[in-house]
Amino acid sequence: ESAKLATTVQSNIIHALANKYQGIKDLGVKQAPFYVLLGAEMPSVLIEAAFITNKVEEQRLKDNSFQRSLVAGIASGIGSYIKQMRQFADVGGAQ
């Protein structure tokens with residue numbers, strides 16, 4: 001479930017940012033046993049939004065408009081995931 005959530009959130013973040021900012025790259029979803037996510041009993045993701053070693057990305061992280069767009073992409077991704085899971089549950093319950 002975490003992989004599904006991550007993929008949905010990632011695509012929504014890219015969609016929210018790519019239309020407004022140049023050079024947005026989709027680095028995809030990676031999987032690893034991150035310590036902060038181990039033991040979670042629900043779908044969980046760790047979002048790497050930008051690299052502060054990249055001057056352009058560092059400036060964007062300081063920009064309120066970029067922050068709002070990033071948050072909108074994350075929220076949209078979570079909402080899309082919930083909708084997918086509800087549809088799946090509805091189909092599963094109907095059988």
What figure, in Å² to the nearest 10, do you get for the accessible area of LYS55 with a 1.4 Å probe and non-protein molecules left out? 140
Could you work out which residue, out of LEU17, LEU70, LEU46, moves most in a Gaussian network model of the chain, that is, has the largest mean-square fluctuation with Cα springs under 10 Å? LEU46
Cα long-axis angle, helix 2-18 against the chain (0 to 90 degrees, to the nearest 10): 40
Solvent-accessible area, 1.4 Å probe, carbon plus sulfur percent, for the chain: 57
Assigned charges on the beta-carbon of Lys, Arg, Asp, Glu; the chain dipole about Cα centre (debye): 260
Mind telling me which of GLY77, GLY28, GLY39 comes out most flexible in a GNM of the chain, alpha-carbon contacts under 10 Å? GLY39
Most mobile of ILE13, ILE74, ILE82 in a GNM of the chain (Cα contacts under 10 Å): ILE82
The helix 64-94 Cα axis meets the longest alpha-carbon principal axis of the chain at an angle in degrees, between 0 and 90 and rounded to 10, of 10
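Sorted by accessible area (1.4 Å probe), largest first, how do PHE34, PHE88, PHE66 line up?
Working: PHE34 90, PHE88 145, PHE66 5 Å².
Result of the area sort, largest leading: PHE88, PHE34, PHE66.
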With a 1.4 Å probe and every protein chain left in place, work out the accessible area per residue of the chain in Å², rounded to a whole number. 75
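The values are calculated or read from the model by the stated rules, or taken from the named source; none is laboratory data. Quick caveat: nothing in here was measured; it's all calculated off a predicted structure. Cβ: placed from backbone, ideal geometry, glycine included. Neighbour counts: every protein chain shown. With ligands, DNA and RNA removed, areas are computed over all heavy atoms of the protein, side chains included. Shrake-Rupley method; radii C 1.70, N 1.55, O 1.52, S 1.80 Å.
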